[in-house]
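Note sheet for the following structure.
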Amino acid sequence: MTKARTALKKVQRIVVKVGTSTITYPNCSRNFARIDKLARELADLHNQGKEIILVTSGAVAVGVERLGLKSKPKTIPGKQAAAAVGQGILMNTYEKFFSEYGQIVAQVLLTRTEVLDRHHYTNSRNTFMTLLKQKVIPIVNENDVVALDDLKIGDNDNMSALVAGIADADLIILLSDVDGLYTANPSTHPEAKLVPEVPAITPEIEASAGEAGSGFATGGMATKIQAAKAATSSGISLVIASGTEENAITRILSGEAVGTLFISRENRLQFRKRWLAFGARVAGKLIVDAGCAKALQKKGACSILPAGIAGVEGTFEAGHTVSVVDGAGHELARGLTHYGSAELAKIKGHKSTEILELLGHKSYDEVIHRDDLIIL
Ligand code: GLU
């Protein structure tokens, strides 16, 4: 077993993506046997203490079947209408199978806004964290009904990379009708071999993936490589494997050489801390009181509450990166703030129980959560 595969045994938070062809038949009806196996396997991994996020396609196909259409609609409103019909049925199906295995699920529909807009990003991130803490398996799809053009991510491979980033996952597993990355197009080159591990995505690999739906790209290899690139460059490894492979997820998580593993050079936490420390633009400063400064120096990362904040510098919004300094201006830490500078001016020095009264709303007790803080 290679070092990179062995490391997968330790993976804790996983995004699993299933493609339409994995959970439906060519006639668009649901493949209950497959969905049942998937729910059973994910519920079992969850029982072992893993945290799972499922990204699922299939809304359009299931809608097409329920509406009795002969083929997938060509127009955008047609596709959106089919997705609107299908999404509910899809969730109902997952709900049925997952509850059979004692597992709670949640529907999460995302658009590009959640990635581009800081406020939405922070909110969806906190929703994922809360669901995972409550031992729920979030089931994600694109909000096809509202997602148009510039708001659309377009494919669930890239969506999986975005979700893994938002939710700080360690690994993405893309299950579809391809076994992984091959050295050449296996349908025209029978001698083509499956590549078990990709340490770096070279321009040749990107070029060989081609465009979705053409030649080598049958099964959408292009979007999978894009997702792998986005994931590995932000500290997340990714595996492409076949959705028909028995117990593929469990076997991947036990280090078995299933599919193609795109190796990330550092783990997500290291990446996140490095990004917070050096990559993110610092939008302002929080000056903390002596008690809070001492706690940060002694205890390491702890959440910063409004009570410990003595002053605020700069103009920033919730979700921005701020620098945490002591009374003498020494930078102690950096982190993502849950409150903007205008709100902080009102709540600084106060107890968290007073936030609601002071602002008229309260999203969080802490200004910076310890998970979003790096001590410098
Ligand atoms: N969101 C689409 C659906 O559920 C699928 C997108 C994709 O297949 O990547 O039908």
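The values are calculated or read from the model by the stated rules, or taken from the named source; none is laboratory data. On a predicted model such as this, the values are computed, not experimentally measured, just so you know. Backbone-built Cβ (ideal geometry, glycine too); neighbour counts: all protein chains shown.
A few notes on this one:
- Selection status of residue 85, part of a helix (DSSP H, G or I), among the hydrophobic types (A, V, I, L, M, F, W, C), within 15 Å of the ligand (Cβ to nearest atom) and surrounded by 16 or more Cβ atoms within 10 Å (Cβ to Cβ): yes
- Residues of the stretch 238-248 classified as more than 15 Å from residue 39 (Cβ to Cβ) and within 22 Å of the chain's Cα centre (by Cα), total: 5
- Residue within the stretch 249-256 that is at pLDDT 95 or above, within 30 Å of residue 1 (Cβ to Cβ), more than 22 Å from the chain's Cα centre (by Cα) and not basic (Lys, Arg) present: yes
- Scanning the stretch 31-72 for residues that are of a type outside the set (A, V, I, L, M, F, W, C), more than 22 Å from the chain's Cα centre (by Cα), within 16 Å of the ligand (Cβ to nearest atom) and outside any loop (DSSP other than H, G, I, E, B) turns up 34, 63, 65, 66.
- Subset of the stretch 218-257 [free of Cβ contacts under 8 Å to residues at least 60 places away in the same chain, over 15 Å from residue 182 (Cβ atoms) and buried (at least 20 other Cβ atoms within 10 Å of the Cβ)]: 232, 235
- Near pairs, Cβ below 8 angstrom, 6+ apart or cross-chain, from the stretch 50-61 (under 16 Å from residue 165 (Cβ atoms)) to any residue that is near the ligand (Cβ under 6 Å from one of its atoms): 55/141; 55/156
- Residue within the stretch 364-373 that is over 26 Å from the mean Cα position of the chain (by Cα) and surrounded by fewer than 15 Cβ atoms within 10 Å (Cβ to Cβ) present: no
- Looking only at residues in the stretch 1-30 that are among the basic types (Lys, Arg) and in a helix (DSSP H, G or I), the one that is farthest from the ligand (Cβ to nearest atom) is 3.
- Check on residue 312, touching a residue at least 40 places away in the same chain (Cβ under 8 Å) and under 30 Å from residue 353 (Cα atoms): no
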